[in-house]
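Colleague: Before I ask anything, here is the structure I am working with.
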Amino acid sequence: MASTTHIIVQPYVSGAKGGLKPAPPIAVKTADAGRVRAQRMMDGGRVLGVAVVQTEVDEDAGDYSEPVFLARFGSVPEMAA
């Protein structure tokens, strides 16, 4: 099977001691849909930040590419190098 593109909207909410905690991720079909969804989440005021991330996945081989951040809104943790 060929690799497929996955676009995920990852919201972040307030965690213990004021830190950020990931909320359940949301799969979307396009990058534009992800940006719109993320902006709506931020406008709603219930999240502290949202990241829109794209990754290539080959499930048969178990290969996952490094995530590419398409958009970040509000407070989003930095990815460890």
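Colleague: Only sites in a loop by DSSP and with at most 13 other Cβ atoms within 10 Å count here; which trypsin sites (Lys or Arg not before Pro) in segment 38-81 make the cut? Let's see the in-between values first.
Modeller: Details: sites: R40, R46, R72; in loops: R46.
The qualifying sites are R46.
Colleague: Would you mind working out the accessible area per residue for the chain, using a 1.4 Å probe, and quoting it in Å²? Write down the numbers at each step before the final one.
Modeller: Details: 5390 Å² over 81 residues.
Counting only protein heavy atoms, the per-residue value for the chain is 67 Å².
Colleague: Here's another thing I want to ask about it. Could you grab the relative contact order for the chain? Cα pairs under 8 Å, six or more apart, rounded to a whole percent. Don't skip to the end; give the middle numbers.
Modeller: Working: 161 pairs, mean separation 27.3, N = 81.
RCO, the chain: 34 percent.
Colleague: Still on this model: Can you match percent of Cα pairs over 20 Å apart to one of these, (1) 63; (2) 52; (3) 35, based on a calculation from the structure here?
Modeller: Structure-derived value, by its label: (3).
Colleague: Which ³J(HN,Hα) values in Hz, rounded to whole numbers, follow from the phi angles of segment 22-31 under the Karplus curve 6.51 cos²θ - 1.76 cosθ + 1.60, where θ = phi - 60° and Gly and Pro get x?
Modeller: Once θ is set to phi - 60°, the couplings for segment 22-31 become x, 8, x, x, 10, 7, 10, 8, 9, 5 Hz.
Colleague: Continuing with this model, one more query. So, with a 1.4 angstrom probe, what is the percent of accessible area on the chain that is carbon and sulfur?
Modeller: Solvent-exposed carbon and sulfur of the chain make up 54 percent of the total.
Colleague: Further question: Once amide H atoms are built 1.01 Å from N in the peptide plane, which residues 5 or more positions from L48, or in another chain, come under 5 Å H to H?
Modeller: Sorted by chain and number, the residues that satisfy this are Y12, V13, S14.
Colleague: 5 Å is the cut-off here: which amide hydrogens, built 1.01 Å from N in the peptide plane, fall below it relative to L70, excluding neighbours closer than 5 in sequence?
Modeller: Result for L70 returns V52, V53, Q54.
Colleague: Compare G34, G62, G15 in a GNM of the chain, Cα atoms joined below 10 Å, and give the one with the largest fluctuation.
Modeller: Looking only at G34, G62, G15, the biggest GNM fluctuation is shown by G62.
Colleague: Please compute the length gained on full extension between K17 and R72, using 0.36 nm multiplied by the number of residues separating them and subtracting their Cα-Cα distance.
Modeller: Working: separation 55, 0.36 × 55 = 19.80 nm, distance 2.26 nm.
17.5 nm is the gain from fully extending K17 to R72.
Colleague: Let me check against my output: what whole-number percent is the relative contact order of segment 12-55, with C-alpha pairs under 8 Å and at least 6 apart? Numbers along the way, then the final one.
Modeller: Values: 35 pairs, mean separation 18.0, N = 44.
The normalised contact order for segment 12-55 reaches 41 percent.
The values are calculated or read from the model by the stated rules, or taken from the named source; none is laboratory data. Computed from a prediction, not measured in an experiment: that's the story for all the values here. Glycine also receives a Cβ, built like all others from the backbone with ideal geometry; neighbour counts cover every protein chain displayed. Accessible surface is based on the protein model in full, side chains and every heavy atom, while ligands, DNA and RNA are left aside. Shrake-Rupley method; radii C 1.70, N 1.55, O 1.52, S 1.80 Å.
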